Amino acid sequence: MQQGRSRLRMLILSGMFAAITAVLAQIEIPLPLVPISGQTLAVGLTATILGSRFGMVAMLCYIALGAVGLPVFAEAKSGVHVLLGPTGGYIFGFIIAAYITGYILERTKFNLTMALVANIVGMVITLAIGATQLKFVLGLSWPEAMAGGVYPFIVVGLIKAFLASWIGIKVRNRLIQANLLENKIQKAAV
């Protein structure tokens with residue numbers, strides 16, 4: 001019975017973080033090929049707080065909501081055409097980034113240093129998958145894809161990785177203290 005409640009609580013939190021991702025996606029700075037948005041900050045927060053499995057579940061929910069037509073992607077866009085378009089690789093990258101970020105934290109420690117390392121790895125994954133799809137969909141060369149889809153996001157990505165780590169660890173600890181999140185997700189004690 002307790003395990004079922006815990007799982008339900010985590011699924012509810014996953015849904016909440018899918019919604020948070022949708023909200024943060026609407027905060028953006030337009031650039032020529034790919035805008036800078038709050039989506040990647042949300043991915044880092046989600047993985048840092050929920051861990052690998054439920055962080056990935058949250059991103060799958062987010063993508064499913066957008067795929068069926070809810071305006072949850074950047075610029076209030078939605079639909080499968082967004083996922084298959086030039087910026088869709090970044091969105092697909094959120095799934096793997098959330099899982100790997102959470103996995104690194106689960107195998108090490110949920111502290112600021114490891115969260116920053118894990119979030120930087122997640123940022124690199126998102127940028128790599130995003131730039132790859134950008135290259136092929138727009139028929140760009142690798143240098144063009146890197147110039148338009150990676151380089152402009154490195155500094156902002158590092159800032160977002162730090163914010164996701166710092167806020168994520170604080171929120172995670174508060175949720176554990178409030179008995180809204182179980183500490184057993186964490187494999188190594190802080």
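The values are calculated or read from the model by the stated rules, or taken from the named source; none is laboratory data. Predicted model only: the values in this text are computed from it and were never measured. Using ideal geometry, Cβ is built from the backbone for each residue, glycine included, and neighbour counts are taken over all protein chains shown.
Hey, among ILE125, ILE95, ILE49, ILE120, which residue is over 30 Å from GLN177 (Cβ atoms), among the aliphatic types (A, V, I, L, M) and touching a helix residue (DSSP H, G or I) at 6+ places or on another chain (Cβ under 6 Å)?
ILE125
Within the range 20-37, restricting attention to residues that are in a helix (DSSP H, G or I) and without any contact (Cβ under 8 Å) to a residue 24 or more places away in the chain, which residue is farthest from the chain's Cα centre (by Cα)?
Here is the first cut: in the range 20-37, the residues in a helix (DSSP H, G or I) are 20-24.
Of the ones still in play, those that are also without any contact (Cβ under 8 Å) to a residue 24 or more places away in the chain are 23-24.
Values: VAL23: 13, LEU24: 11 Å.
This residue is VAL23.
Candidates are the residues of the range 47-77 that are β-branched (Val, Ile, Thr) and touching a Ser or Thr at 6+ places or on another chain (Cβ under 7 Å); the one that is surrounded by the most Cβ atoms within 10 Å (Cβ to Cβ) is THR48.
Return the residues of the range 55-96 that are in a helix (DSSP H, G or I) and hydroxyl-bearing (Ser, Thr, Tyr); say none if nothing qualifies. Listed by number, the residues that qualify are TYR62, TYR90. Applying the selection to the range 95-109, what residues are crowded, with 24+ Cβ neighbours inside 10 Å and either touching a residue at least 60 places away in the same chain (Cβ under 8 Å) or of a type in the set (S, T, N, Q) (or both)? Result: THR101, LEU105.
Within the range 64-92, residues that are within 22 Å of SER14 (Cβ to Cβ) sit with their Cβ atoms under 8 Å from residues that are among the acidic types (Asp, Glu) and at pLDDT below 95, at 6+ positions apart or across chains, in these pairs: ALA74/GLU28. Each residue in the range 99-144 was checked for being of a type in the set (A, V, I, L, M) and farther than 26 Å from LEU50 by Cβ, and 5 of them qualify. Per the listing ARG172, ARG107, the residue uniquely among the charged types (D, E, K, R), touching a Ser or Thr at 6+ places or on another chain (Cβ under 8 Å), modelled with pLDDT of 95 or more and more than 17 Å from LEU31 (Cα to Cα) is ARG172.
Residues ILE120, ILE154, ILE129, ILE125: which one is loosely packed, with under 15 Cβ neighbours inside 10 Å, within 22 Å of PHE94 (Cβ to Cβ) and free of Cβ contacts under 8 Å to residues at least 60 places away in the same chain? Just a single option satisfies the conditions, and that option is ILE154.
Does LEU181 meet the test of being surrounded by 15 or more Cβ atoms within 10 Å (Cβ to Cβ) and modelled with pLDDT of 95 or more? No; evaluated as a whole, the condition is false for this residue.
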